[in-house]
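*Asks:* Just passing along the structure, written as structure tokens.
The values are calculated or read from the model by the stated rules, or taken from the named source; none is laboratory data. Just so you know, these numbers come straight off a predicted model, no measurement behind them. Positions of Cβ are backbone-derived with ideal geometry, glycine not excepted, and every protein chain shown enters the neighbour counts. When the accessible area is computed, the model is the full protein with side chains, heavy atoms only, and any ligands, DNA or RNA have been set aside. Shrake-Rupley method; radii C 1.70, N 1.55, O 1.52, S 1.80 Å.
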Amino acid sequence: MTTRSPLAPATFPDLPEIAGVTRRVARARYKDWDRCDLTFIELAPGTAVAGVFTRNVCCSSEVELGREQVKGGAARALIVNAGNSNAFTGYRGREAVEAIMAQVADHLGCDASEVFVSSTGVIGVPLPKDKARAGVAAALTAKPCSWEAAAETIGTTDTFAKGSTASAIVGDRTVHVAGIVKGSGMIAPDMATMLGYIFTDAAVAPALLQAMLSEATGGTFNSITVDSDTSTSDTVLLFATGQAGNALLATRDDPGADALYAAIRGVALDLAHQVVRDGEGASKFIEVQVTGAVSDDSARRVALSIANSPLVKTAIAGEDANWGRVVMAVGKAGEPADRDRLAIRFGDHWVAKDGLPVDGYDEAPVAAHLKGQDVRIGADLGLGDGRATVWTCDLTHGYISINADYRS
């Protein structure tokens, strides 16, 4: 990994062991690097799975297969490759994924449909079958590893390993949730973002697990953006091993279901924020909150227009209180807005209201807010009750440097 992001947490969190989850890593050498690049996670028999996937129409075979696999609701293993996305690789790419699935299934004695595969990295290069075969073989017999090692292994341009945990009371049992994620660039919300994997030892029916993940994704993974680009490989999977011994949760009305959902959503939100904090070249973590829109969906589109604006993002990078760029981004969103009702703030300081600069506007406290690493932008449209919050980062020279040299 490259120089650690200035927005990174001080340390990797202390994630608990999740009963029924065993992690291993190995080197498949998909790129010319001296590091592990293949993560293998074995799951206990009876593990339920849910997933959300990119809507990018040029998606990888891993995504196409995963969409079908989650319909079965069962999982025994997860393989994540880093360095080669295996996207836009035609039948060769699909054959490579199916070979990995078959190899792992043969080792575990399970159906190939219970083996989930994700790949991330360069687009347009078929996953080398010989390297895949050797890497998987090494992973199957490797010693179990830490959560941090598994998280480091799935990264590409990430500068730090990302993990999060929470717990909940379900019936008379304490259940645990732990998750890891990779993502730094090519990040934009569209069904799912980056590669994210969340695990719980709770017993949950697949249909409820899917409903929980789909709901949690909307305000977390699907509410972040680094550069407005939706990856061909975006995947978020949620696994429930059922090892905690709680009574099976089948509906949201079951005791403890809401507590478990809150824990899953909390982990998802923390992981999503960490992705933004590791945005390529980022020096500022930005929260964009839109209120007063005609609907929540409209507010979200306006918020994303602000969050994805290169002019807004570069102004924040330069610590420039140029609120006119926020006005521009609201106006270009294509959503209902009224210039003479619009209000803009940075932090807690309103800079414009009713289509005009506020009386006695003092830029000093706004400038002080922009010097911090966490920046908040607010826009109130004055039209209704719709609201939304999204998170992004600033745009610096570092983003250009990273992506100009990505393949090398």
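*Asks:* Determine one quarter of the surface area of the Cα convex hull of segment 3-148, which equals its mean projected area, and express it in nm² to one decimal.
*Replies:* Working: hull surface 39.0 nm².
Over all viewing directions, segment 3-148 projects a mean Cα-hull area of 9.7 nm².
*Asks:* Among bridges DSSP assigns within the chain, what percent are antiparallel (round to 5)?
*Replies:* Antiparallel: roughly 70 percent of the beta bridges in the chain.
*Asks:* Moving on to the next point. Could you pull out every one of the lysines with an alpha carbon less than 25 Å from that of Lys353, ignoring same-chain neighbours closer than 8 positions?
*Replies:* In chain and number order, the partners are Lys313, Lys332, Lys371.
*Asks:* When the scattering of segment 151-291 is computed by the Debye formula from its Cα atoms alone, each counted once and equally, what is log10 I(q)/I(0) at q = 0.14, 0.16, 0.21, 0.22 Å⁻¹?
*Replies:* -0.62, -0.78, -1.17, -1.25
*Asks:* Test of understanding: in a Gaussian network model of the chain with alpha carbons linked when under 10 Å, which of Gly183, Gly121, Gly331 would top the mean-square fluctuation ranking?
*Replies:* Evaluated over the chain, the most mobile residue of the options is Gly331.
*Asks:* Same structure, new question: Could you tell me the ratio Rg/Rh of segment 51-105? Both radii from Cα atoms, Rh via Kirkwood.
*Replies:* Values: Rg = 11.2 Å, Rh = 12.0 Å.
The Rg/Rh ratio comes out at 0.93.
*Asks:* Once the Cα gyration tensor of segment 97-220 is found, what semi-axes does its equivalent ellipsoid get, as square roots of 5 times the eigenvalues, in whole Å, sorted largest first?
*Replies:* 26, 20, 16
*Asks:* Among Leu383, Leu304, Leu238, which one shows the biggest mean-square fluctuation in a GNM of the chain, springs joining Cα atoms closer than 10 Å?
*Replies:* Among Leu383, Leu304, Leu238, the largest mean-square fluctuation in the Gaussian network model of the chain belongs to Leu383.
*Asks:* A further question on this structure: Leaving ligands, DNA and RNA out of it, work out the accessible area of Thr153 with a 1.4 Å probe and give it in Å² to the nearest 10.
*Replies:* Result for Thr153: roughly 10 Å² accessible.
*Asks:* Tell me the accessible surface of Arg55 in square angstrom (1.4 angstrom probe, heavy atoms of protein chains only), to the nearest ten.
*Replies:* Here the residue's solvent-accessible area equals roughly 140 Å².
*Asks:* Once you have the Kirkwood Rh of segment 312-408 from its Cα pairs, apply Stokes-Einstein at 4 °C and 1.567 mPa s and quote D in µm²/s. It would help to have the intermediate numbers written out before the result.
*Replies:* On the way: Rh = 14.8 Å.
Here the translational diffusion coefficient equals 88 µm²/s.
*Asks:* Then there's this: By accessible area of protein heavy atoms, probe 1.4 Å, what ranking do His369, His349 get, highest first? Walk me through the numbers on the way to the answer.
*Replies:* Working: His369 35, His349 70 Å².
Largest accessible area first, the residues go His349, His369.
*Asks:* If you don't mind, there's one more thing I want to ask. Of the options Ala137, Val177, Tyr361, report the single residue whose Cα projects farthest towards the positive end of the charge dipole of the chain (beta-carbon charges: Lys, Arg +1; Asp, Glu -1).
*Replies:* The residue sitting farthest along the positive end of the dipole is Ala137.
*Asks:* According to the Kirkwood expression over distinct Cα-Cα pairs, how big is the hydrodynamic radius of segment 280-357, in Å?
*Replies:* Evaluated on segment 280-357, it is 12.9 Å.
*Asks:* So, R0 is 35 Å and r is the distance between the beta-carbons of Asp296 and Asp348; what FRET efficiency does that work out to, to 0.05? Kindly include the intermediate steps, with their values, before the conclusion.
*Replies:* Details: r = 23 Å, r/R0 = 0.66.
Efficiency for this residue pair is about 0.90.
*Asks:* Rg and Dmax of the chain, Cα atoms, in Å?
*Replies:* 21.8, 72
*Asks:* Moving on to the next point. Using the alpha-carbon centroid of each, what span in Å lies between segment 330-368 and segment 62-89?
*Replies:* Cα centres, segment 330-368 to segment 62-89: 45 Å.
*Asks:* Calculate the translational D of segment 232-338 in whole µm² s⁻¹ from Stokes-Einstein, where the hydrodynamic radius comes from the Kirkwood formula applied to all Cα pairs, the temperature is 20 °C and the viscosity 1.002 mPa s. Walk me through the numbers before you get to the answer.
*Replies:* On the way: Rh = 17.2 Å.
The diffusion coefficient I find is 125 µm²/s.
*Asks:* Same structure again: What residue among Ser309, Ser184, Ser119 has the largest mean-square fluctuation in a Gaussian network model of the chain, using Cα springs under 10 Å?
*Replies:* The residue with the greatest mean-square fluctuation here is Ser309.
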